[in-house]
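Okay, structure first, notes after.
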Amino acid sequence: MDTTQPSQSKPSDAWPVMVLAYNEEEGIAAALDSIFASEPGQKFEVYVMANGCTDRTEDIVRAYGKQRPEVHLVSIKLGDKCNAWNVFIQETVPTFCPGRDVYFFTCGDVTIVPGSLSALARALREDPYPHAASAPPGSGRNVERDRQGLIEDHAIVAGLYALRGSFVARLKALGVRIPLNFEGDDALIGTLVKWDLAPSPREMDALRVKPVEDSAWIFDSLSLLRWDDWRFYWKRAVRYARRYYEFKLLGPELKSKGLAGLPRDIQDLYPGAKMLALRWQGIYTITNWIALRRMRRIGEARRA
């Protein structure tokens, strides 16, 4: 793995922020601006996990870092968000920012609403029980429904969340890595939090994730007037279908084997896709069918 890591130790009072970025040349500067604007006076150390970028994302981050030395580019050849998260937890944190009380996670295509980071940190500081604090979305066609859903489900969404430092240390100590090519990385992180890193048939504890209504993140909504947005929506629907089926394969592995049930690559479990039934879901039945067919084909190739 080819990575370019920051080269010096960082102040211990700075908040570490991981930013996932894959070909985000259009939005990465705004995403970084929003971090610093969210908490004036707060020190940050920002690690942009640029994975497999083929556009100008890395150049923009390098230029940004010259103006703000607390922004660090972590350049990773493999274009995989799960691998990038693993690199941050298993390599970047222990080397450059270990032992912090809280770690923040966001994406290069969103902006953070002012005050959100301090609200997440405060939620974990005031309540010692949760391992994570999550921010609901602040935009979208169904923003109120989506916000309420995250709050009711105690969910983690990749747009913005925080993990307690002690939990991050346990992730490192246990060698936890999200499977490569996994679509539902944020949902899996939330699942591991609720299971307290001990997956089993027992029920998960939703209170391990603290939804914080005083925090939010913003993303550009899709437009019915743009053909590219229609294409994006279609591909996203297929990805969401794949996520559903991947959890169908992964769930039993985790319940029976614990953390040992996490495969290196989620596609290692695809041979089992032939046993999955098509989910009928109205118009989305077709995207479910497409996702399941692709998974079965990959599974057949892996069995060969």
(message) Can you tell me which condition E246 does not meet? The list is (1) in the same structural domain as N288 (by TED's automatic domain parsing); (2) out of contact with any Phe, Trp or Tyr (no Cβ under 7 Å at 6 or more places or on another chain); (3) closer than 23 Å to Y284 by Cα, and all the others hold.
(response) (2)
(request) Output the residues belonging to the stretch 269-285 that are surrounded by fewer than 15 Cβ atoms within 10 Å (Cβ to Cβ) and in a helix (DSSP H, G or I). (result) K274, M275, T285
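Could you list, in sequence order, the residues of the stretch 26-65 that are basic (K, R) and in a loop (DSSP other than H, G, I, E, B)? Talk me through it step by step, then tell me what you get.
Step one: filter the stretch 26-65 for residues basic (K, R), giving 43, 56, 62.
Listed by number, the residues that qualify are K43, R56.
Report the residue count in the stretch 95-132 for those that are of a type in the set (A, V, I, L, M) and part of a strand (DSSP E or B). Spell out how you get there, then give the answer.
Taking the stretch 95-132 first, the residues of a type in the set (A, V, I, L, M) are 102, 110, 112-113, 117, 119-121, 123-124, 132.
Restricting the remaining residues to those that are part of a strand (DSSP E or B) gives 102, 112, 132.
Summing the residues that are of a type in the set (A, V, I, L, M) and part of a strand (DSSP E or B) in the stretch 95-132 gives 3.
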(request) Spot the failing condition for L276; the list is (1) touching an Asp or Glu at 6+ places or on another chain (Cβ under 7 Å); (2) over 20 Å from D80 (Cβ atoms), and only one is missed. (result) (1)
(message) I'd like the full set of residues that are over 13 Å from the mean Cα position of the chain (by Cα) and without any contact (Cβ under 8 Å) to a residue 40 or more places away in the chain, limited to the stretch 159-191.
(response) S166, F167, R170, A173
(request) Please tell me if S215 is in contact with a Gly (Cβ under 8 Å, 6 or more places away or on another chain), closer than 17 Å to P136 by Cβ and at pLDDT below 95. (result) no
(request) With the checklist (1) over 16 Å from N181 (Cβ atoms); (2) surrounded by 13 or more Cβ atoms within 10 Å (Cβ to Cβ); (3) among the aliphatic types (A, V, I, L, M) in hand, flag the one item A241 doesn't pass. (result) (1)
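Matching residues to (1) within 18 Å of the chain's Cα centre (by Cα); (2) without any contact (Cβ under 8 Å) to a residue 24 or more places away in the chain:
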site	(1), (2)
L124	no, no
R141	no, no
I151	yes, no
A198	no, no
R202	no, yes
D205	no, yes
R208	yes, no
(request) For N288, work out the one condition from (1) in a loop (DSSP other than H, G, I, E, B); (2) in contact with a strand residue (DSSP E or B) (Cβ under 8 Å, 6 or more places away or on another chain) it doesn't fulfil. (result) (1)
(request) Taking the options S116, S75, name whichever one is in the same structural domain as V176 (by TED's automatic domain parsing) and over 28 Å from P136 (Cβ atoms). (result) S75
(message) Within the stretch 122-144, take every residue that is of a type in the set (S, T, Y) and modelled with pLDDT of 95 or more and give me the one that is farthest from D205 (Cα to Cα).
(response) S134
(request) Please specify each residue of the stretch 39-48 satisfying the condition of being in contact (Cβ under 8 Å) with a residue 60 or more places away in the chain and within 20 Å of the chain's Cα centre (by Cα). (result) V48
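The values are calculated or read from the model by the stated rules, or taken from the named source; none is laboratory data. Note that the structure is a prediction, hence the values are computed from the model and not measured. In this analysis, Cβ positions are derived from the backbone assuming ideal geometry, glycine residues included, and neighbour counts consider all displayed protein chains.
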